[in-house]
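Only one structure is covered here, and it is reproduced in the block below.
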Amino acid sequence: MVSTDIPDGLKRFEIPGRVTLLEGSGELPKIEVNTDWSSAEIYLHGAHVTDFQKKGESPLLFTSQFSRFKQGQAIRGGIPIIFPWFGAREGEPSHGFARISDWTLHEATALPEGGVTLRFSLPETAENATWPAFTANYVVRVTDVLELELIITNAAADQPFSFESCLHTYFAVGDVSAVSVTGLNGTTYLDRTENLQKVEASEALKINTEVDRPFLDTDGPVEIIDSKLRRRIRIEKENSLSTVVWNPWSAKSQQMPDFGNEEYKRMICIESGNVAKNRTVLAPGRSSVLKVRLSSSLL
């Protein structure tokens, strides 16, 4: 739909040729970004980046064609913001409330060199009222790379704020069984499929079954070597001690109503954040900035 279907309060952020506000899937408002090198798509629901594509390359991100774009549900694919907890929590939504909340767009800026920066904040909701006072802001910078910053501040006067956070990135690959993941050799991880702690022994991790591994105490970059698409994806991060590798494989895919039975073959999640024993604890008035930089090059 054309941008005239978007409220005037959002239309003011439009920048001709760079930033357009549209009605997206499920009638949810989305932002389309065009730069000299790339295009991107971000929904206000979850401040969720659903697409990033460099000119001349395949899309970097995977989003399921079965994803449910509706209030109260997370978009399946792209980059969900996991906060303030990771995984299941009794009586609560999996992976926290940030990814199923509507964020507020505060600023859209066209950068002099041809890129675009967007700034979002998580408004106060009934869900976060039970937590210590905090603010959550998110910065998305689109150029020839995709740069993300999740900024959490403890606004409480007299109590610490303990939380988990993760940018749960779904990457598009040609064939997951032909992919190698490097940068995790020697790192301790939790094998959530067996509930065991292990150490990664391989220089290049191969995916040939269900994988659900939070790697802990690791702050280095990770690369996805995709021989089918002849592409190298590089994930660099700051203020992150956890890297989670996830692929549901065939059996679990069939149990997920918002995910195709065969889609596991075309994606892999490499998630950057701080989970489990790496969770963040902020003193009153302190902030943390989780930074992730996603780039790609042809092999």
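The values are calculated or read from the model by the stated rules, or taken from the named source; none is laboratory data. On a predicted model such as this, the values are computed, not experimentally measured, just so you know. A quick note on method: Cβ atoms are made from the backbone with ideal geometry, for glycine too, and the neighbour counts reach across all protein chains shown. Note: areas computed on protein heavy atoms with side chains; ligands, DNA, RNA excluded. Shrake-Rupley method; radii C 1.70, N 1.55, O 1.52, S 1.80 Å.
Candidates in segment 97-121 are the residues that are touching an Asp or Glu at 6+ places or on another chain (Cβ under 8 Å) and crowded, with 16+ Cβ neighbours inside 10 Å; of these, the one that is nearest to F69 (Cα to Cα) is S101. Checked against (1) open to solvent by less than 30 Å² (accessible area, probe 1.4 Å); (2) closer than 20 Å to T109 by Cα; (3) not β-branched (V, I, T), Q53 passes all but condition (1). Is it the case that segment 70-80 has a residue that's in contact with a Pro (Cβ under 8 Å, 6 or more places away or on another chain), open to solvent by less than 50 Å² (accessible area, probe 1.4 Å) and assigned to a loop (DSSP other than H, G, I, E, B)? Yes: segment 70-80 contains one or more residues that are in contact with a Pro (Cβ under 8 Å, 6 or more places away or on another chain), open to solvent by less than 50 Å² (accessible area, probe 1.4 Å) and assigned to a loop (DSSP other than H, G, I, E, B). Considering only residues that are open to solvent by less than 20 Å² (accessible area, probe 1.4 Å) and part of a strand (DSSP E or B), look in segment 122-144 and name the one that is farthest from Q73 (Cα to Cα). Within segment 122-144, the match that is farthest from Q73 (Cα to Cα) is V142. Just one of (1) under 19 Å from T50 (Cβ atoms); (2) in a loop (DSSP other than H, G, I, E, B) fails for E149. It is (2).
Of all residues in segment 218-229, those being farther than 21 Å from L148 by Cα and either of a type outside the set (A, V, I, L, M) or in a loop (DSSP other than H, G, I, E, B) (or both) number 4. The residue that is nearest to the chain's Cα centre (by Cα), among those in segment 18-47 that are closer than 14 Å to T143 by Cα and either among the charged types (D, E, K, R) or open to solvent by 50 Å² or more (accessible area, probe 1.4 Å) (or both), is E41.
Looking at N208, N154, N185, which is the one that is at pLDDT 95 or above and open to solvent by less than 10 Å² (accessible area, probe 1.4 Å)? Show your work before the answer.
On the way: N208 fails: open to solvent by less than 10 Å² (accessible area, probe 1.4 Å); N185 fails: open to solvent by less than 10 Å² (accessible area, probe 1.4 Å).
So the residue among N208, N154, N185 that is at pLDDT 95 or above and open to solvent by less than 10 Å² (accessible area, probe 1.4 Å) is N154.
Considered as a group, the residues in segment 264-291 that are touching a Pro at 6+ places or on another chain (Cβ under 8 Å) and over 19 Å from N208 (Cα atoms) include one that is surrounded by the fewest Cβ atoms within 10 Å (Cβ to Cβ), and that residue is A283. Kindly indicate whether R89 is in contact with a Lys or Arg (Cβ under 8 Å, 6 or more places away or on another chain), basic (K, R) and open to solvent by 10 Å² or more (accessible area, probe 1.4 Å). No: the conditions fail for R89. Pairs linking a residue in segment 115-128 that is touching a residue at least 12 places away in the same chain (Cβ under 8 Å) to a residue that is of a type in the set (V, I, T) and in a loop (DSSP other than H, G, I, E, B), with Cβ atoms under 6 Å and 6 or more positions apart or on different chains, are G115/T35; G115/T143; V116/T35. How about segment 230-278: which of its residues are part of a loop (DSSP other than H, G, I, E, B) and within 15 Å of the chain's Cα centre (by Cα)? Residues satisfying the conditions are S240, V275. Within segment 211-239, residues that are closer than 13 Å to V179 by Cα and open to solvent by 60 Å² or more (accessible area, probe 1.4 Å) reach partners that are part of a strand (DSSP E or B) and of a type in the set (A, V, I, L, M, F, W, C) with beta carbons closer than 7 Å, at six or more positions or on different chains, in the pairs R230/L298; R232/I225.
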